[in-house]
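Take a look at the structure set out below.
The values are calculated or read from the model by the stated rules, or taken from the named source; none is laboratory data. Keep in mind the model is a prediction, meaning the values are calculated, not measured. A quick note on method: Cβ atoms are made from the backbone with ideal geometry, for glycine too, and the neighbour counts reach across all protein chains shown. For accessibility, only protein heavy atoms count, side chains too; no ligands or nucleic acids. Shrake-Rupley method; radii C 1.70, N 1.55, O 1.52, S 1.80 Å.
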Amino acid sequence: MKKLFIPFILLSYNAAFSQVGVNTNEPKATLDVAGQASESSISDGIIPPQLTKENLVSKSQTAYTANQTGALIYVTNVEENSTDARVERIIYPGYYYFNGTQWIPFQTPWIPLTNFNGNRSGVYLYSLGNGKERGLREKINFLDNGRIGFGTNTPSTRLHLSNMRESSESPSTAVIAEKAILTIESFAGDPLTNLKSAPIIKMIQARGIGTGSGGVIKPDNNDSMGGLEYVAAFGNHNGSRALTAAKIDVKYRSDIGSSNQNNSADYYFTTSEWAGDDHTLTTRLSILHDGKVGINTSAPTTNLYVQGSTGTSINNETVSSPSTLSVRGKSSVFVSVNSGSQSITLTDGVVGQRVVIVNTSATNTLTILNGANSIIINTNEGKELIYYQEKWYSLS
């Protein structure tokens, strides 16, 4: 009785001043508990009520209401599968407070990482979605080398985003279409008429940025200024034999003049092909700084340059009897007529396509059978033709 009576007297005395002190005669708050640091045998601290998640589920709906907002407890065990919304955020042992409707964790979601990911250190931010902590692959990681990973704990670039699969999903059951890695939306609804837009993504390339009067060092000629590369995994799961499916690249073109100021950039669209273990990248479309557009070539020499399927836009053909001639992907065809005057039918025409047919024979003429009119190409002559409504028309 004596041990209970003395604290009661002390609490009553201090309560007269609306402040309570434990181990102190000068409380500095409503409740001020002073530790006894010099007493090595005394365990200092305050222990709130200790309950399990199961205990809280068993509490009636009237046990905790808005009147209990701010109540503090320590949860010792979380092994309870319950749909009770009051405890859905209780996912690990620790301190929790009641916000009037739900128990909220005290712990910060920022967790320090040491000796992690190849002896690197950093922090990660975990998710509490769906009432549970996500697995490590779904955390946001900030490593001490400046790399940030979303959905991956091994970011390989400054910013690395990885598809976040649910822990219960296997690669074959994951709904990938609903889990895009990145969505960028500038605004929703109708824009204001005076709204000024800016690029959603801006890429800036420089070999180095100086300090003071150093300025920026320009890229070297033909350096990549940025782009998009699409890679599909091939072989084992870690992508050791990754397949580059397509690439969009912008390359820097340095001014060759003395002023070194009129620099420009070219656009290249590239696809890839596999033949056994050989992998090749081929430019399918190029747009140069001066307006020249090339198909199947990275170096167009005219405003529209279509490279032939055989690797050149200039083809040599030999005709010794009436025959057909494919002009798909060809801009110029040189025809050698070997046996008397001959006729040919041009196939694979595309509306608007232009092709130059040159008769290299010195003695025999060449007739285009599917021309809108009679198209005869004399010896050592050429004609430019254009295709429209299944007929070829002469432009020269």
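For region 299-320: of the residues being open to solvent by 60 Å² or more (accessible area, probe 1.4 Å) and assigned to a loop (DSSP other than H, G, I, E, B), which is modelled with the highest pLDDT? Filtering region 299-320 for residues that are open to solvent by 60 Å² or more (accessible area, probe 1.4 Å) and assigned to a loop (DSSP other than H, G, I, E, B), the one modelled with the highest pLDDT comes out as SER320.
Conditions tested, residue by residue: (1) under 19 Å from PHE106 (Cβ atoms); (2) open to solvent by 70 Å² or more (accessible area, probe 1.4 Å).
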residue	(1), (2)
ALA34	no, no
SER38	no, yes
PRO49	yes, yes
VAL57	no, no
VAL75	yes, no
ASN81	no, yes
ASP84	no, no
ILE90	yes, no
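Just one residue in the set VAL327, VAL356, VAL335 is modelled with pLDDT of 90 or more and closer than 20 Å to THR297 by Cα; that residue is VAL356.
For SER336, the conditions (1) outside any strand (DSSP E or B); (2) small (Gly, Ala, Ser); (3) open to solvent by less than 70 Å² (accessible area, probe 1.4 Å) all hold with the exception of (1).
Within region 346-396, the set of residues being loosely packed, with under 12 Cβ neighbours inside 10 Å and of a type outside the set (Val, Ile, Thr) comprises GLY352, ALA362, ASN373, SER374, ASN380, GLN389, GLU390, LEU395, SER396. Here LYS383 fulfils each of the conditions (1) modelled with pLDDT of 90 or more; (2) not in a strand (DSSP E or B) apart from (2). Among the criteria (1) hydroxyl-bearing (Ser, Thr, Tyr); (2) touching a Gly at 6+ places or on another chain (Cβ under 8 Å); (3) assigned to a strand (DSSP E or B), the one SER396 does not fulfil is (3). For region 356-373, the criterion of being in a strand (DSSP E or B) and of a type in the set (S, T, N, Q) is met by at least one residue.
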